[in-house]
Amino acid sequence: MATKAGWECFDDSDDDADVHEEQSESSQIVGRIMTEMARCYSACPKAHGVAPDLILPPTAHVTAPDDLRAMLEQRLLDAGWLLAPAAAPTDVVVDLVAFTAAPHDTYSSVAEILHDRVLPGGLVITQLPAAVSVDWASDLWSTSRALSFLDEISSPLVALKRRSGVANPLHYRLDQPTALALDVERQWIDTVTIASSASERAHGALSLESHQRAVDILRSCGVVIVRGLYDPDTVRQWGAAALSDFAQIAHALRETHDMDVFNPGEKPPRRNFVEFATREAFRCDIRHTPALTALRATHPADESTRTGAAINPRHPVIHAILQDVMQPDGGPLNPGNYGLWNFSFGGPGSRERLVSGPVGSIVTTPGCYDQKIHADIPHLFNTMDLPPHLLHVFLPACDAGGMDAGQTAFVVESHRLATCARMMANDGSGVQETIAKTIRPHVTPGDVIVFDCRVLHLGLANTTAAMGATDDGVRRPILYVNWHAPWFEDKKNWEPESLFK
């Protein structure tokens, strides 16, 4: 007969059931997280235009109880992901303790901290205490998804997508923006933005998918934003050089030509020069100036350079996008362009070398108004939409002044003849469509905005100080590089006389 102690292993305790339940819940959590990450990211994306093949794996950082963290990290490594250190910018943050360890009244702050831990367009997966809801701010997050239900997992799992871009709500609205209108604008900005993963940024390359998205966006919307392409500190250095040149220009205009860029009401700039062009008060275009010209020596000698501190004005990412947009592959129609045997073009199917100009800068000073909406160049014909022949690449070059300093607004899809005709109709019937498709992206140094010069756009106001301020406020530089077909010439704005000779 068995002793009482011998039968204790068959008692009615549920220790084994508890262990099994814990393992089952952990497996469920890991499974749900991996499914969501696989839905949002390809584990082994190839870089576009890089030989030999380069893989750009996504990155993630995991904060969770030790057993869960170990299980999830192993699954991620097996799937080809890279694990990022806690302080490094990353594509995905999985943090299953951020809210459970925080007081309820700090949840908004916790959400902002999680937001800042991922790159633009990144994914946050977190766990909430049961029966707790959080108001996810629409200016920070584009989507929120429940990954579990209360009867499945004790603490609900939530996936949050950080917005790829930011809207500037301060300037230029033809109507008073509602919360819905701002959300529509933010969605448009997300649509035209390539957020760039950590690996894409590190290698100065876009994945095949990101490149094709950029091409499709530029073709369909007329503007595309690529985030994190250049070194931010170098862009700021160029911006500072532009402002130094602007100060010299202002001095030369005042002392030599009796023109005052800070007091255009009394002494307006009446003409343009080699280095300076302006068409309106408190906003000017500068190029071939001393400091900017000196910095050209820092450009990489090799146009294929993708990374490093120096600015490559013909960066392969930009060049590849523009080649596909400006000179699309005609497929079976390529042999029909037989004239490409002339002028040393290389024959049918070949591509001409696109021309890029030197780095210049648009500078606004305090008091600058919103520009009038305009397009920089006309279509070649009134009867058909052709690939663009002139595009601008903008690099906002300072953080100072924030949104008060303004940047540039665009009307998406307005580079199409039929769309622009509707929007600009004399009877005003296109105003609502124009409003609905106007975006005011606010980007940071290192980001680039590429736009078709036929798209409607306008420079935003600089309200950092009173009109004409010389000591207060912020002078805002936006660097630019113009790209165009080899036959195109821009003869507008500039005049042959130099300010400095």
Problem - Test for Asp427: is it without any contact (Cβ under 8 Å) to a residue 12 or more places away in the chain, closer than 25 Å to Met259 by Cα and in the same structural domain as His315 (by TED's automatic domain parsing) - result: no
Handout entry: Residue among Ala242, Ala247 that is buried (at least 21 other Cβ atoms within 10 Å of the Cβ), in a helix (DSSP H, G or I) and out of contact with any Asp or Glu (no Cβ under 9 Å at 6 or more places or on another chain)
Key = Ala242
Handout entry: Residue count for region 59-89, restricted to those that are out of contact with any Leu (no Cβ under 7 Å at 6 or more places or on another chain) and in contact (Cβ under 8 Å) with a residue 60 or more places away in the chain
Key = 3
Practice task
Name the residue, out of Pro313, Pro328, that is in a loop (DSSP other than H, G, I, E, B), within 31 Å of the chain's Cα centre (by Cα) and closer than 30 Å to Gln371 by Cα.
Solution key: Pro313
Fill in the blank from the handout: Ala277 vs (1) without any contact (Cβ under 8 Å) to a residue 12 or more places away in the chain; (2) in a strand (DSSP E or B); (3) of a type in the set (Gly, Ala, Ser): all pass except (1)
Practice task
State which residue is surrounded by the most Cβ atoms within 10 Å (Cβ to Cβ) when the search covers only region 341-369 and only residues that are farther than 25 Å from Gly406 by Cα and among the hydroxyl-bearing types (Ser, Thr, Tyr).
Solution key: Ser356
Fill in the blank from the handout: Residues in region 32-86 that are over 29 Å from Thr307 (Cβ atoms) and either buried (at least 20 other Cβ atoms within 10 Å of the Cβ) or aliphatic (A, V, I, L, M) (or both) total 7
Exercise for the section: For region 470-484, state whether one or more residues are farther than 22 Å from Val274 by Cα, of a type in the set (Gly, Ala, Ser) and over 22 Å from the mean Cα position of the chain (by Cα). Expected result: yes
Completion exercise
When region 200-222 is checked residue by residue, the ones that are in contact with a strand residue (DSSP E or B) (Cβ under 7 Å, 6 or more places away or on another chain) and hydroxyl-bearing (Ser, Thr, Tyr) are Ser207, Ser210
Completion exercise
Only unsatisfied item for Leu218, checking (1) in the same structural domain as Val393 (by TED's automatic domain parsing); (2) in contact (Cβ under 8 Å) with a residue 60 or more places away in the chain, is (1)
Practice task
Determine whether region 137-158 contains at least one residue that is of a type in the set (Lys, Arg) and assigned by TED's automatic domain parsing to the domain that holds Asp95.
Solution key: yes
Practice task
From the list Gly339, Gly330, pick out the single residue that is modelled with pLDDT under 95 and either closer than 19 Å to Gln237 by Cα or out of contact with any helix residue (DSSP H, G or I) (no Cβ under 9 Å at 6 or more places or on another chain) (or both).
Solution key: Gly339
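Listed here are the residues, each with its yes/no results for (1) at negative phi; (2) surrounded by fewer than 16 Cβ atoms within 10 Å (Cβ to Cβ); (3) of a type in the set (Asp, Glu).
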residue	(1), (2), (3)
Ala252	yes, no, no
Phe282	no, no, no
Thr293	yes, yes, no
Arg296	yes, yes, no
Glu303	yes, yes, yes
Problem - Only listed residue being in contact with an Asp or Glu (Cβ under 7 Å, 6 or more places away or on another chain), polar (S, T, N, Q) and surrounded by 16 or more Cβ atoms within 10 Å (Cβ to Cβ), chosen from Thr434, Thr438, Thr419 - result: Thr419
Practice task
Go through the residues of region 291-302 one by one and say whether even a single one is under 22 Å from His484 (Cβ atoms) and among the acidic types (Asp, Glu).
Solution key: no
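The values are calculated or read from the model by the stated rules, or taken from the named source; none is laboratory data. What you see is a predicted model, and the numbers here were worked out from it, not measured in a lab. Please note: Cβ atoms are built from the backbone with ideal geometry, for glycine as well, and neighbour counts cover all protein chains shown.
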